[in-house]
Amino acid sequence: MRPSASFALLSLGLIAAPSLAQQQVPATTGVDGGNEDLRRTLAAERQELERQQRALDEQRARIDRLEARLSGRGDAATQSAQTALPPGGVPLPASPPPVPPPATAVASTAGGEVQTVGEAPSDQRQVQVAVLAEQGGIITKARRATMEVNFEYARADRNQVVFRGVQIPEAVLIGVFDINESRQDVLTVGAVGRLGLTSRLEINGRLPFVYRSDKSVLAPVANPGQPNAGQLDRPVSGANIGDIDFGLRYQITDGRNGAPYLIAGVQAVAPTGTDPFSVPRDPLGNALKGATGAGFWGVTPNLTAILPTDPAVLFATLGYTYNFARTINRQIGAAYIERVAPGSQPSASAGIAIALNPRTSISFGYAHTWAMGTRTRVRALNQTTQELGDAMTAVSRDLQIGRLLLGVSYRTSPSTTINWNVEVGATDDAADVRTTLRIPFTFTAY
């Protein structure tokens, strides 16, 4: 045999030997023990193969989403995820591909079964904007409905000193002081409904039930020796349906290519509650029952911008409330009220919502409303002759209502999220504190 042929046969033998060795069944002490080891090894290998396949599928899906964003297209997976969002959720943009997960730990039971220990961490794909109570995040998807129950408590405590007299330089006052202290507690239970007519159009409505308690103390300080002489306590309360509001919202943009969601809406308020001009009053004009409504129709166009920036969401809202004037024609005390025209109310708010984990997020913001003065046409009433004087128009001062906003959201299920909001008054005209608990439920309506 030639040397070259001998070398070739020797090389083939060296290569084939390890393969034959790998194909041999390991020696075991018994048939049952060998089969058990084989089953265990096979199950472990199959588990590892499935884990790697899941990692590849997830990587392929992320690459497809990134390619869709780069080409300006939306993919079905993203649209499906947005449809399945919980109430008030805002979808986050696609995150960068994650680091491949570590090898899955495998544990063997006494019966030879293989079980997975632990699971890969889930990605956070949405954030709750808790402080957007009126807007409610992005538009409710078509054929989806959200029913919400909310509980609200507001407290306003004001102290005011009124001086009627003459002020002389060097802080010398000659006249009469009135110390006015008022406390107001308002508890509201509301039912809110939202329905997605199309993928961009939503209708909504809110029915509140209001309990209100007002306590005021008027202490005329006329005699320094008896500072509490003439003190009047006026506690009143009332419970009834409040003012119903309803409206439409339309989503202008869909948030693709890094653009914000732009949502235009209009809300209307109907004077269905007990208004301040219809409550019973004493001969001096003091209310004997608390009002649960404002008593005027109002319309508020607004524009909301929501910008997802993983892992946070930025939001801002601009609005303008126009209140319609109303003819009253009622005597209150020594005055005859003919017509009242509430001032308009421009408003703005902005803030940020941050995802702490896939279920929990917090929101911070600031809201400000400029309530312009109310114009009232009134006539003085002569108590003796019951004759009306000349008509005159009184204009109240403007109100600056600023609030610091804080919200916490916790998603209990894909269709339910618990939202807790707190507003703290930042200006003298704002309520001291307002807190709201909202529990929405989302389901397919038709």
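For residue 277, the solvent-accessible surface computed with a 1.4 Å probe is close to 40 Å², ligands and nucleic acids excluded.
For the pair residue 215 and residue 257, a Förster radius of 56 Å applied to the C-beta separation gives a FRET efficiency near 0.50, rounded to the nearest 0.05.
For residue 343, the residues 5 or more places off, or on other chains, whose built amide H falls under 5 Å of its own are 374, 375.
As a length-normalised measure over Cα pairs under 8 Å and 6 or more apart, the relative contact order of segment 309-424 settles at 22 percent.
If you plug the beta carbon distance of residue 439 and residue 297 into 1/(1 + (r/R0)^6) with R0 = 35 Å, you get a FRET efficiency near 0.75.
Backbone geometry of segment 44-50 corresponds, through the Karplus equation with coefficients 6.51, -1.76 and 1.60 at θ = phi - 60°, to 3J(HN,Hα) couplings of 5, 5, 5, 5, 5, 5, 5 Hz, x marking Gly and Pro. Here the Karplus curve 6.51 cos²θ - 1.76 cosθ + 1.60, taken at θ = phi - 60°, turns the phi angles of segment 273-283 into couplings of x, 6, 8, x, 8, 10, 6, x, 9, 7, x Hz, with x standing for Gly and Pro. Residues in segment 383-398 carry Karplus couplings, in order, of 5, 7, 9, 6, 9, 8, x, 5, 6, 9, 10, 10, 10, 6, 6, 5 Hz; the curve used is 6.51 cos²θ - 1.76 cosθ + 1.60 with θ = phi - 60°, and Gly or Pro positions show x.
Using 0.36 nm per residue, how much length does the chain from residue 357 to residue 277 gain when fully extended, once their Cα-Cα distance is taken away?
Values: separation 80, 0.36 × 80 = 28.80 nm, distance 4.98 nm.
Result for the pair: 23.8 nm of gain on full extension.
Each of residue 155 and residue 396 was given a label point 7 Å from its Cα along the Cα-to-Cβ line. The distance between the two points is 2.4 nm. Under a 5 Å amide H cut-off, with hydrogens placed 1.01 Å from N, residue 252 pairs with 262, 263, 264 among residues at least 5 apart or on other chains. If you split all Cα-Cα distances of segment 315-446 into 10 Å bins from zero, what percentages do you get per bin, shortest first? It works out to 11, 25, 23, 19, 13, 7, 2, 0, in whole percents. Close amide H pairs (under 5 Å, H built 1.01 Å from N) link residue 129 with 90, residues at least 5 positions away or on another chain.
Given Cβ point charges of +1 (Lys, Arg) and -1 (Asp, Glu) and nothing else, what value in debye, to the nearest 20, does the dipole of segment 309-446 about its Cα centre take? It would help to have the intermediate numbers written out before the result.
On the way: 12 positive and 9 negative charges, 67 e Å.
Here the size comes out at about 320 debye.
Here segment 266-322 and segment 342-385 have alpha carbon centers that stand 8 Å from each other.
The values are calculated or read from the model by the stated rules, or taken from the named source; none is laboratory data. Not measured: the values here are computed from a predicted model. All Cβ positions, glycine included, derive from the backbone under ideal geometry; neighbour counts span all protein chains shown. The protein model used for the area step is the full one, side chains on, heavy atoms only, and it has no ligands, DNA or RNA in it. Shrake-Rupley method; radii C 1.70, N 1.55, O 1.52, S 1.80 Å.
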